Amino acid sequence: MASPHSAYLEKCVAVSCKEIFKSLEDDNVSRVLLVGEAGIGKTWMAREIFERAPKDEDSSCYVSLWLNLNKDFHVLSLYEDIASQLSVFLDKEESEEDDSEDEEEDQKTQYLVRLKEKIHVKLRKKKEKAEKNNLLKMKAKGERKKYLLLVLDDVGNVTNEAKVMQDLELEVFLAPFRPIKILLTRRKGEGDSKDNMKPLATEELHAKSVGDIDSLATEELEADSDEEIESHATTDGAGDLLDPHTIDASQILSAFFTDTYLMECDIVKRSIGLPAAVVVLTKSLNYIAWKLQFSQLPPKQEGVLLAVLSSFDPDRNRANPVLHLAYELLKTDDTVKSSIVDCFWHSLSFFEHCGCVCYQELIAHWILEGYFDPVRSITEAYMDGHEVMMELLERGFLKIHEDNVVMPEVAMKYLIDLRGRGLSGRSRISLAKVCGSDRTQGLGKINQLDDIIEAVQTTRKGDKTTTVLISGNRLRRETLKDFFEKLKDIEILGLFKPALEPVVSFLSKLVKLRVLVIRDCDLLKDIEDLKALRGLHVLEVSGASSLKKISDDFFMDMPDIQSLHLSGLQIKFSPSSISELKKLHCLIIRDCPLLEDLPDIQELVELEVVDISGARGLQTCFDHANGNEKNIIKNKSFYHLKKLQLLDFSESQIERLPIFQDSAVADKLHSLTRLLLCNCSKLRRLPSLKPLSGLQILDLSGTSSLVKMLEVCFEDKNELRILNLSGTNLSELASTIDELSSLKELLIRDCTNLEVIPNIQTLKNLEVIDVSGSTKLAKIEGSFEDMSYLREVNLYGTKVETPELPKETKTHCLKRIFLADGRCFEGETWSQIKEHIEHDRSENVSSADAVVSSQEISEETGEIHSAEPCTEKGDASKEHLLQVPIDRAIYKKLLSRFDSPSHQEAMEIKETNELDEDTLANAEFVSFVDCTSTRVTSIFNKTKLVKGCWLKMCFDIEEL
């Protein structure tokens, strides 16, 4: 017996299909466009129609064909796809070359002609059979034409209808099998131009008039206005009218999704009518339960669930809360690999640029982007990637289709990546953008064997190896001359930790290389021979700690380079010829501590990523020369870089930045989402940041020489989520800070000259306020009462009195406040915390009165109760501390934290133990044991998220 859920689903399927069938069976309708938001279920509905149409007794469809347009098609791949659906294959002798001397293109043409002939034969048989079997029904009910159904899924994402039907001649090819009905799916709001959606002008593929759509409910249709249609009729002819027969999938499906039966489920309510959101969350929870072997959600994940769902507010302009919850669950420590978040964001970006892809190829891309570095074994890296792939599939973040092709859940693209460096900062070469949707530029069909990844592209002369990824350990087993001789046609090569010095001389002979990655090669001293690789589109040379010089003209003959990654080198000067790379969109010169000079990049208008972080010797981004040779306009302004998304000068010694605007032009650099200037200790001033209207993260932490910011810096920053001013020398903040309406985190730690923070009462989306260590700070103007999303406040080490805390709480998570004196109060709501603070105050007053009374009695009796200070080495005991005759309530509060879970999870740091910097950067609780003040200071310079700290036997420390 079917469950109520499955019965309800069947009802939804039947009703939704009936509406679409009704349109397709109308002889006056040739095209039906199914539109809706990503994740609403358009593809699911189209797939149901595709499978049911040829089988349904009331349908006149005799065959259905499916084309997934979220991948790029060329003429051969298109007809091979159709042939595969019809189980049409050429015999072995037919597919072999007729004449070995013929040109490859001629062979392709002959192959394509034979394939088309066989498809025609198969379609003709299907149509004749259907008409014969249905002859009596046609006579009984009246003449109804049998039609071929062509489904074009995800139109306009990678491939549009015009390319398939006209450029690749599918319209002409299918002409003998008219009438043809086309069912298209498209995301609402994308590809809405008239050119993209114009139907084809043939006698059978025609549009229906506006007056003929009355039979369908108006709320389920989106028709263009009479004026729009009339406009097209006069310019393009009646046959080119924009088809008005558009069905809004979101309205059909949301009708079911808002049914009382489903709305009883809170998750469905909060999914905002998006089926994909519920599917992804359900799969994520099922995965967590299976992986962790819990019969119910573990406490950590349950806390995330409550926090995210409770903060849902449609007016807050946030992503779908259910999808956001699934993503937050992915970020927990229980995920299979820490790199999984990188892989998820990369998958979304890859699909945007390249469409869907075979899962093995996507894993190879992850390896090339560095998500599993350091790569000592290609096999191990591939297995790590495969494990991540399976988890993303299990959680519903990725979907797998026929032929092992995967694509992400596109609805998740509306999530906002608020990781500090984002995907652009975590990806080494951004290869997806270079490859684009042209599959011939991709990696090819992947084979992973014997610690090597090889990929082949299929040609008429056979498979040709075009991609090789190999580690240094595996390369040692080869004779270099013989190995590279076999790679003469190679186009993409990745070498990981190749501990072989003469490798460059062999690489210079691989003149067909488009992508070259040399990663972690300590012995590499010279790369000048690589000048011969004039066809390079991507070059990475990283971790080559022995490389001290790259010639100034190195890139003069490499005009096609789009992605350049030079990191971990000992170079002092970057090649000035970088300025000639007009196609460059990604420039990374990271962790080059001796770098003193940058190329002039202000005219490289394709740039999206500029990462110069870790250049500790870089004192200027302008010309460092003196006298008459100085180029005074070098890197003067970045206002031409309209596509720039990430700008990172962290840890450099620059004193000022290029300007971001032209006084004569009011254009904005809206694409720049991240400006990272962490630990730029000599940066004295900032240019106007007003043009950076799309900024989401502004990190100025550690810019200890920065004393002033312009008032306009916070203007037009409606998308700014994270503002970090910690460790700056600012004495005042711009009053325009109250305009940062989307701000989530305000971090102003250790600003020792700051006395007042302007009114921030209007920042109602704030979740974290941290001003700890700002010793002169005495006032934060405005109240926190309306900050209903606030979850953490840290006033430790300031002079700020307890502020007016939020009146209501919209997030169900643990709230915490550290008062100026270090006392910490926690609770599920701010009302509870207010009560705890008031109770603590009254207890302190009673305790103080008791101490005074006790001292008076002692004086009368001649007995004085005092505790001797503890001078022995080691931890002070609770007994000793409790003997101190002062505010006992405070000590009880502190002692209660000695055995807290936070203390048990603290990272223990000694004077000499080695620490992983990534782990240290993410540590929330640290414990110093027998450390000097120098050690403590150096550690704190590397931490970013510390909430609690313990000191044991640190006798050298006199003050903090």
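Could you please find all residues in the range 483-495 being in a loop (DSSP other than H, G, I, E, B), touching a residue at least 24 places away in the same chain (Cβ under 8 Å) and open to solvent by less than 20 Å² (accessible area, probe 1.4 Å)?
Residue satisfying the conditions is 490 alone.
For the subset of the range 31-61 comprising residues that are in contact with a Lys or Arg (Cβ under 6 Å, 6 or more places away or on another chain) and in a loop (DSSP other than H, G, I, E, B), which member is farthest from residue 399 (Cα to Cα)?
Out of the qualifying residues, it is 60.
Return yes or no: is residue 325 more than 24 Å from residue 675 (Cα to Cα), buried (at least 20 other Cβ atoms within 10 Å of the Cβ) and in contact (Cβ under 8 Å) with a residue 12 or more places away in the chain?
Here the answer is yes, as residue 325 does meet what is asked.
Does the range 540-583 hold any residues that are within 16 Å of residue 635 (Cα to Cα) and not polar (S, T, N, Q), and which are they?
Passing the criteria: 573, 575, 578, 580, 581, 582.
Give the residues of the range 468-477 that are in contact (Cβ under 8 Å) with a residue 12 or more places away in the chain and either open to solvent by 80 Å² or more (accessible area, probe 1.4 Å) or assigned to a loop (DSSP other than H, G, I, E, B) (or both), sorted by residue number.
473, 476
Could you grab me the full set of residues in the range 106-128 that are in contact with a Lys or Arg (Cβ under 8 Å, 6 or more places away or on another chain) and among the charged types (D, E, K, R)?
Those that are in contact with a Lys or Arg (Cβ under 8 Å, 6 or more places away or on another chain) and among the charged types (D, E, K, R): 108, 127.
From 689, 584, 675, 641, grab the single residue that is among the aliphatic types (A, V, I, L, M) and in contact with a Phe, Trp or Tyr (Cβ under 8 Å, 6 or more places away or on another chain).
After applying the criteria, what remains is 689.
Inspect the range 34-43 for any residue being open to solvent by 70 Å² or more (accessible area, probe 1.4 Å) and either out of contact with any Gly (no Cβ under 9 Å at 6 or more places or on another chain) or at pLDDT 80 or above (or both) and give the result as yes or no.
No: the range 34-43 contains no residue that is open to solvent by 70 Å² or more (accessible area, probe 1.4 Å) and either out of contact with any Gly (no Cβ under 9 Å at 6 or more places or on another chain) or at pLDDT 80 or above (or both).
For the range 703-723, enumerate the residues that are open to solvent by 10 Å² or more (accessible area, probe 1.4 Å) and part of a loop (DSSP other than H, G, I, E, B).
704, 705, 707, 708, 709, 710, 715, 716, 718, 719, 721
So which of 553, 529, 557, 600 is crowded, with 16+ Cβ neighbours inside 10 Å and either in contact (Cβ under 8 Å) with a residue 60 or more places away in the chain or not aromatic (Phe, Trp, Tyr) (or both)?
600
Does residue 618 fit the bill of being within 28 Å of residue 433 (Cα to Cα), of a type outside the set (Gly, Ala, Ser) and open to solvent by less than 40 Å² (accessible area, probe 1.4 Å)?
The answer is no for residue 618.
Give 456, 434 a once-over and let me know the one that is in contact with a helix residue (DSSP H, G or I) (Cβ under 9 Å, 6 or more places away or on another chain) and more than 24 Å from residue 678 (Cβ to Cβ).
Answer to the check: 434.
Report whether or not residue 504 is in contact with a helix residue (DSSP H, G or I) (Cβ under 8 Å, 6 or more places away or on another chain), open to solvent by less than 40 Å² (accessible area, probe 1.4 Å), closer than 16 Å to residue 530 by Cβ and not in a strand (DSSP E or B).
yes
Mind checking whether some residue in the range 355-366 is closer than 26 Å to residue 921 by Cβ, buried (at least 23 other Cβ atoms within 10 Å of the Cβ) and in contact with a Leu (Cβ under 8 Å, 6 or more places away or on another chain)?
no
From the list 583, 572, exactly one residue is in contact (Cβ under 8 Å) with a residue 24 or more places away in the chain and farther than 26 Å from residue 674 by Cα. Which is it?
572
Look at the range 819-859 and say how many of its residues are at pLDDT below 90, small (Gly, Ala, Ser) and within 21 Å of residue 804 (Cβ to Cβ).
1
Which is farther than 30 Å from residue 277 by Cβ and either of a type outside the set (Lys, Arg) or buried (at least 18 other Cβ atoms within 10 Å of the Cβ) (or both), of 480, 423, 415?
480
If you take the residues of the range 41-51 that are in contact with a strand residue (DSSP E or B) (Cβ under 9 Å, 6 or more places away or on another chain) and not hydroxyl-bearing (Ser, Thr, Tyr), which of them is farthest from residue 133 (Cα to Cα)?
The selected residue is 42.
Would you kindly identify the strands (runs of 3 or more DSSP E) lying entirely within the range 906-960 that contain at least 2 residues that are out of contact with any Ser or Thr (no Cβ under 8 Å at 6 or more places or on another chain) and either open to solvent by less than 70 Å² (accessible area, probe 1.4 Å) or modelled with pLDDT of 80 or more (or both)?
Fully inside the range 906-960 and qualifying: 925-929.
Give the range 649-702 a look and list any residue that's among the small types (Gly, Ala, Ser), closer than 22 Å to residue 418 by Cα and surrounded by fewer than 17 Cβ atoms within 10 Å (Cβ to Cβ), or say none.
Passing the criteria: only 671.
The values are calculated or read from the model by the stated rules, or taken from the named source; none is laboratory data. In this text the structure is predicted, and so the values were computed from the model without any measurement. Please note: Cβ atoms are built from the backbone with ideal geometry, for glycine as well, and neighbour counts cover all protein chains shown. Note: accessible area is taken over every heavy atom of the protein model, side chains too, but ligands, DNA and RNA are not part of it. Shrake-Rupley method; radii C 1.70, N 1.55, O 1.52, S 1.80 Å.
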